[in-house]
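The values are calculated or read from the model by the stated rules, or taken from the named source; none is laboratory data. This structure is a prediction, so every number in the text was calculated from the model and none was measured. Ideal geometry is used to build each Cβ from the backbone, glycine not excepted, and the neighbour counts take in all protein chains shown. Areas reflect the complete protein model, heavy atoms only, side chains present, ligands, DNA and RNA absent. Shrake-Rupley method; radii C 1.70, N 1.55, O 1.52, S 1.80 Å.
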Amino acid sequence: MPRGEQPPSVRPRVLPGAAPDSATRPPVMGDVAKMAGVSHQTVSRVLNDHPNVSNSTRERVEAAIASLGYRRNTAARSLVTRRSRTIGVLACETGQFGPANTLLGVEQAGREAGYFVSIANLREVTSESINDAMGHFRSQSVDGIVILVPHPDVLAALRDVSVPVPIVAVGAGAGNQLTGASLNQRLGARLAVEHLIGLGHRSIAHISGPTHWIDAAERIEGWREALDTAGLEAKVLLQGAWDAASGYRAGLELLGHDSVTAVFVANDQMAVGVLRAVQEAGRQVPGDISIVGYDDQPEAEFFMPPLTTIKQDFEELGRKCMEEVLHQLEGQAGTGDQIVNPRLVIRATTAEPAH
């Protein structure tokens, strides 16, 4: 074997049309340009979805990218664009169905737009934890921040936080300095209560979530509005903590109100606890008491009986938040609070009152 020549077993395999050393390092944009027979600038235009590229050229470049397994150097690109291509997400209660699926919507929309998502999950909502999270995002030089904590303390704390990037929030509500997206909680509550009123119920209780949460407070107001419009009293209001155990405890308390024939529960997890409490007491659902939940989590149709509930599109909510961040990153003014409307899903836990 001549001196300096490598044995055949360790010679690098050179791809046809690729740069000679491309097998020993990750492919770069120049390798793509050479294989596609175009300029470096043309490859850049294709990667940035520039309109001034012919279909045939675009297809040739995309085929070269796929063949070489080319991936953008995001660090180098950040130096040029002065953007990290990262969005910070401040979240809480991500074990719950709603927050988890809203986060999924944000992450998917970000990935489709070419952004990474960095998550700071609050164990508790305090000014210290919020400031720590904001500091974490600043250290990562995030391009924007999405707030998935519909809690008034978070919105209040953000008024005193200086972050030089767009911030959008779920459930910020009208009049807040932040833009974002909201689920129409009052409408959902009204749909639930109006359904029960339409069946003939006149004493309708509500089991709320923690009242310091914006979503819970809005659902309480929707319950009251629907009853008031029908000329009925909002007499029985109990409070849970979003989980099935608190729903069970509230359900036991509810049984002490003999006049109640229906209950609107602020989420499906609490509703399953209410179902158990009612059934353990020998009462029938919906024969003795009708129940409407909220969220339409996947298990709701498999409760016994299947749960009538309010369906919310959490992934759409997350997408709208990300769209608002990207909108502002493009230098455009905020569009205000975007609203996602819920809908009623009727199953087997509601019927006309027995008496």
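Figures for the structure shown
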| quantity | calculated |
| --- | --- |
| Radius of gyration, Dmax [the chain; alpha carbons; angstrom] | 27.3, 101 |
| Among 348, 325, 312 the positive-end extreme of the charge dipole of region 311-355 (Cβ point charges) | 348 |
| ³J(HN,Hα) computed for each position of region 126-132 - Karplus, 6.51 cos²θ - 1.76 cosθ + 1.60, integer Hz, glycine/proline x | 9, 4, 5, 5, 5, 5, 4 |
| Given charges at beta-carbon only (K, R positive; D, E negative), |dipole| of the chain in Debye | 1740 |
| Accessible area of residue 68 in the full protein assembly, 1.4 Å probe (Å², nearest 10) | 20 |
| Nearest-10 value in Å² for the accessible area of residue 127, using the 1.4 Å probe | 80 |
| Probe 1.4 Å, all protein chains present, accessible-area order of 283, 276, 85, 219, largest first | 276, 283, 85, 219 |
| Helix-only mean residue ellipticity at 222 nm for the chain, each DSSP H run of n ≥ 4 adding -39500 (n - 2.57), per residue, nearest 500 | -12500 deg cm²/dmol |
| The chain, relative contact order in percent, only Cα pairs under 8 angstrom and at least six apart counted | 15 |
| Signed unit charges on C-beta, dipole axis of the chain, positive-most listed residue 191, 278, 91 | 91 |
| Accessible area (Å², 1.4 Å probe, nearest 10) - residue 235 | 130 |
| Pairs of Cα atoms farther than 29 Å apart, region 183-337, % | 21 |
| GNM flexibility winner over the chain from 66, 226, 217 (Cα, springs under 10 Å) | 66 |
| Point-charge dipole on Cβ atoms (K/R +1, D/E -1) for region 30-150, about Cα centre, debye to 20 | 620 |
